[in-house]
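Just so you know, all these numbers are worked out from the coordinates, no wet-lab data involved. This one's a predicted model, so the numbers in the text were calculated from it and none came from an experiment. FYI the Cβ positions are ideal-geometry reconstructions off the backbone, even for glycines, and counts take in every protein chain you see.
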Amino acid sequence: MLVVISIIAVLAGLLFVVTPAAQRQAKLSEARAQLSQLQAAIEAYHGKYGFYPPDNTSSSELNPLYYELTGTYKQSANANNVTYRTPIGTNSPIIPAVFNLGGFVNSAVPGETPINFLNANPRFATVTRQGNAVRLLQVKANWPAPAPVTMPPPFPSDDPRLNVWRYNSSNPTNAPGTYMLWTYVIIGANANAKVDVVCNWKQQ
């Protein structure tokens with residue numbers, strides 16, 4: 001009986017050691033699967049319009065990728081502003097100027113339908129910028145634990161718990177001629193946090 005108990009204790013100890021590594025691999029696998037879906041959507045967009053979705057030249061984190069891939073409806077226009085709304089769910093009016101844009105390309109007027117290149121309701125985070133609620137494509141809302149994460153620079157200025165997808169098509173230094181798409185998968189919190197980069201310019 002003591003031998004059996006000892007074996008069980010050893011196996012349990014090994015399980016606790018393996019579990020964090022298994023969790024990390026599961027999160028990385030999910031992020032890579034989402035990366036593949038977004039890449040397919042971006043290439044479909046490129047096939048339709050002949051160019052990649054525009055980015056925010058001031059911030060790869062605050063990008064209009066959600067709106068370009070899911071489409072928008074033009075809601076109102078005046079001399080100073082054009083606002084849009086999303087066809088997926090309800091949302092306050094979106095002002096493209098938040099993304100340093102004059103408007104969205106994949107947009108429809110009344111009576112027409114924008115193209116949803118993602119063909120699904122994607123996971124997104126809602127953040128407030130310049131007094132406007134905007135949606136950013138997100139990996140997963142509950143990564144990591146709720147505790148704040150403190151990481152050495154350079155680390156994204158936004159709350160890293162958002163796990164949003166970063167996007168750069170105007171100056172893609174790591175993927176010349178195309179675009180850069182990446183996110184940070186954070187495992188753990190504070191001093192024990194580990195960060196992996198999942199991106200379109202390298203496999204691992």
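Data overview
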{"read-out": "Length added when fully stretched, Ala44-Ala175, from 0.36 nm per residue minus Cα-Cα", "value": "45.4 nm"}
{"read-out": "Rough spin-label spacing in nm, given labels placed 7 Å along Cα→Cβ, for Val109 and Glu61", "value": "3.8"}
{"read-out": "Kirkwood Rh, angstrom, the range 23-90 [1 / mean 1/r, Cα pairs]", "value": "14.3"}
{"read-out": "FRET efficiency, 1/(1 + (r/R0)^6) with R0 25 Å, evaluated for Ala22 and Arg123 via beta carbons", "value": "0.65"}
{"read-out": "Ranked list, fewest to most other Cβ atoms within 10 Å of each Cβ, for Glu112, Glu30", "value": "Glu112, Glu30"}
